[in-house]
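I have placed the structure first, in the form of structure tokens, so that the comments after it can refer back to it.
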Amino acid sequence: MTTLGPHPAHGPVPGTMDEGDWLDAPVLLDRQTAVLELIAQAAPLSDVLTEILRSLEGLMPGASCSVLLLDRPTGRLHHGAAPSLPSSYVAAIDGLPVADGVGSCGTAAALNRPVLVPDVRLDPRWADFRDAAAAAGQQACWSTPIAGRDHRPVGTFAVYHRTPHTPTPREQRLVDRFTHLAAVAIGHAELVADRRARLEAETARRTAEELSRAKSQLLAAVGHEARTPIQAIVGFAELLGTIDLDEARRREALAHIGAAAGHVMDLLTDVLDVSRLEAGALPLQVAAVPVAEVVEEVLGLLSAKAAARSTILDQELPQDGPTTVLADRRRLRQVLLNLVENGVRHGRAGGAVTVAATRDAGQVVLTVRDDGPGIAPDLLDRLFTPFAPGGTQPLVGGDSVGLGLALSAGLVHAMGGELVVGRTGPGGTEMRVRLPGP
Ligand SMILES: Nc1ncnc2c1ncn2[C@@H]1O[C@H](COP(=O)(O)OP(=O)(O)O)[C@@H](O)[C@H]1O
Ligand SMILES: [Mg+2]
């Protein structure tokens, strides 16, 4: 005859498990997997903790659970998750100081060991929280510290009951399991936060470095750009000093000095504008500006330059009445001057540059197109960077300062719009300015 009974290899081992554990095991595994999946999906810590507490509440009918998180610098416990406790109670204990004698949780965190209070009405450590517990309908509270990576508490795991209660061995084992799971979730969240903080610090450091490098480059480029016209000024001034200079050559020298000085002036004005833009200190007078008037001014100012390259300047404005934009008139003119001038200078000699305006959902889109060779592909990603290496032209034979597009983009942005390259290639270039309508 065979005696039926639990085989030692399969049944509960006395002292470590009882019947309940075997019933709990598949549920535990299931809940644990659900929690680990949430952690793997990078769910917010409060969601992971809520899942943990709900799982435990499902296994311990009648219990309400909460996790408080320790803020180490202040030594206070703050709400982490408490899916089935009233929010008024959660608010009442938020900010609980960690100290021996402050409820179950404050004491558990202070002593770094579980604190069991079978009846909060009778325990002096609950004197300050008795009313809040009564209002929440809770009478027993058992709090377990959650161990951090350094084995010091990072929070507390509390189990509440509506009637006086002392945990059973099964409940103790369950709470141990879930407290451990909460420790894993909090530790993971800390690691993620640490990594993010390190990344942010690294990014900030690199941005500062890049900014400082860009500033040095800008300074070097400005110096380089100013050198040639100043040398011209010095040279022609010396020439003027020679005694037997005929009138025609004297006037020529003066014209050269005037042009070179004007160029240095323009350069310095642009540099000043760029730095004021970067500092957010460029005053703008935004008003409704008639597009046709500004386009007329710009094309007029550039007509001589265009004629010198046999370039035709053209405009296509809406025919159904005047178009206005919200902009600073002087700055809008500066932007269009730069774009049209780029079209003339970098476009095809004998070609055409057209300024067009269209209205689009309360905004105005101004486009400047040319039929030139297009912007060099290697310039495209740094077109809007002041003095991008390779973006500056030698001054001799030209009047480039290499700041135009960076400044234009910054100005348009400051006026609440954007400047983009609409299209560029062997068929020509189209620059697009989008600005708010009135
Ligand atoms: N319409 C265009 N067609 C071809 N290349 C262009 C055009 N506009 C700008 N570029 C290129 O982009 C560079 C930067 O332009 P910009 O910032 O206005 O400086 P700059 O005109 O003073 O050189 C120019 O030097 C030129 O190489
Ligand atoms: Mg330019």
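The values are calculated or read from the model by the stated rules, or taken from the named source; none is laboratory data. Keep in mind that what you see is a predicted model, and the values were worked out from it rather than measured. Cβ atoms come from the backbone with ideal geometry, glycine included; neighbour counts cover every protein chain shown.
Check whether at least one residue in the range 168-181 is modelled with pLDDT of 95 or more, crowded, with 20+ Cβ neighbours inside 10 Å and part of a strand (DSSP E or B), and report yes or no.
Among the residues of the range 168-181, not one is modelled with pLDDT of 95 or more, crowded, with 20+ Cβ neighbours inside 10 Å and part of a strand (DSSP E or B), which makes the answer no.
Those residues that are away from ligand 1 (no atom under 15 Å from the Cβ) and either among the acidic types (Asp, Glu) or touching a residue at least 24 places away in the same chain (Cβ under 8 Å) (or both), I need them from the range 299-311; list them, please.
299, 301, 310, listed by residue number.
Could you check residue 343 against (1) out of contact with any strand residue (DSSP E or B) (no Cβ under 9 Å at 6 or more places or on another chain); (2) within 14 Å of ligand 1 (Cβ to nearest atom) and say which number it fails?
Checking residue 343 against (1) out of contact with any strand residue (DSSP E or B) (no Cβ under 9 Å at 6 or more places or on another chain); (2) within 14 Å of ligand 1 (Cβ to nearest atom), the one that fails is (1).
Anything in the range 222-268 that is charged (D, E, K, R) and out of contact with any Leu (no Cβ under 8 Å at 6 or more places or on another chain)? List them, or say none.
227, 238, 244, 246, 247, 251, 252, 266
Can you pull out every residue in the range 346-356 that is on the phi < 0 side of the Ramachandran plot and either part of a helix (DSSP H, G or I) or more than 6 Å from ligand 1 (Cβ to nearest atom) (or both)?
346, 348, 349, 351, 352, 353, 354, 355, 356
From 397, 362, 391, grab the single residue that is at pLDDT below 50, under 29 Å from the mean Cα position of the chain (by Cα) and either buried (at least 16 other Cβ atoms within 10 Å of the Cβ) or more than 8 Å from ligand 1 (Cβ to nearest atom) (or both).
The match here is 391.
Restricting the first residue to the range 170-191 and requiring it to be under 15 Å from residue 150 (Cβ atoms), which pairs with a second residue that is surrounded by fewer than 17 Cβ atoms within 10 Å (Cβ to Cβ) meet a Cβ separation below 7 Å and a spacing of at least six or different chains?
That search, which allows pairs on different chains as well, returns 187/148; 187/149.
Restricting attention to the range 58-71, which residues are of a type outside the set (A, V, I, L, M) and out of contact with any strand residue (DSSP E or B) (no Cβ under 8 Å at 6 or more places or on another chain)?
First, the residues of the range 58-71 that are of a type outside the set (A, V, I, L, M): 58, 61-62, 64-66, 71.
Correct list: 58, 61.
Working carefully through the options 334, 315, 363, find the one that is within 16 Å of ligand 2 (Cβ to nearest atom), in contact (Cβ under 8 Å) with a residue 24 or more places away in the chain and of a type in the set (S, T, N, Q).
334
Residue by residue, here is whether (1) crowded, with 20+ Cβ neighbours inside 10 Å; (2) in the same structural domain as residue 53 (by TED's automatic domain parsing); (3) in a loop (DSSP other than H, G, I, E, B) holds:
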| position | (1), (2), (3) |
| --- | --- |
| 79 | no, yes, no |
| 89 | yes, yes, no |
| 107 | yes, yes, no |
| 121 | no, yes, yes |
| 131 | no, yes, no |
| 142 | yes, yes, no |
| 145 | yes, yes, no |
| 149 | no, yes, yes |
| 155 | yes, yes, no |
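Can you find a residue that is more than 16 Å from ligand 2 (Cβ to nearest atom), in contact (Cβ under 8 Å) with a residue 60 or more places away in the chain, hydrophobic (A, V, I, L, M, F, W, C) and in contact with an Asp or Glu (Cβ under 8 Å, 6 or more places away or on another chain) anywhere in the range 287-298?
Checked the range 287-298: no residue is more than 16 Å from ligand 2 (Cβ to nearest atom), in contact (Cβ under 8 Å) with a residue 60 or more places away in the chain, hydrophobic (A, V, I, L, M, F, W, C) and in contact with an Asp or Glu (Cβ under 8 Å, 6 or more places away or on another chain).
Here's the yes/no breakdown for (1) out of contact with any Lys or Arg (no Cβ under 7 Å at 6 or more places or on another chain); (2) surrounded by 10 or more Cβ atoms within 10 Å (Cβ to Cβ); (3) closer than 30 Å to residue 39 by Cα; (4) at pLDDT below 95:
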residue	(1), (2), (3), (4)
165	yes, yes, no, no
194	yes, yes, yes, yes
203	yes, yes, yes, yes
230	yes, yes, no, yes
234	yes, yes, no, yes
243	yes, no, no, yes
247	yes, no, no, yes
253	yes, yes, no, yes
256	yes, yes, no, yes
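Residues to consider are 289, 274, 298; find the one that is outside the structural domain of residue 355 (by TED's automatic domain parsing), within 28 Å of residue 326 (Cβ to Cβ) and either touching a helix residue (DSSP H, G or I) at 6+ places or on another chain (Cβ under 9 Å) or not in a loop (DSSP other than H, G, I, E, B) (or both).
Exactly one residue qualifies, and that residue is 274.
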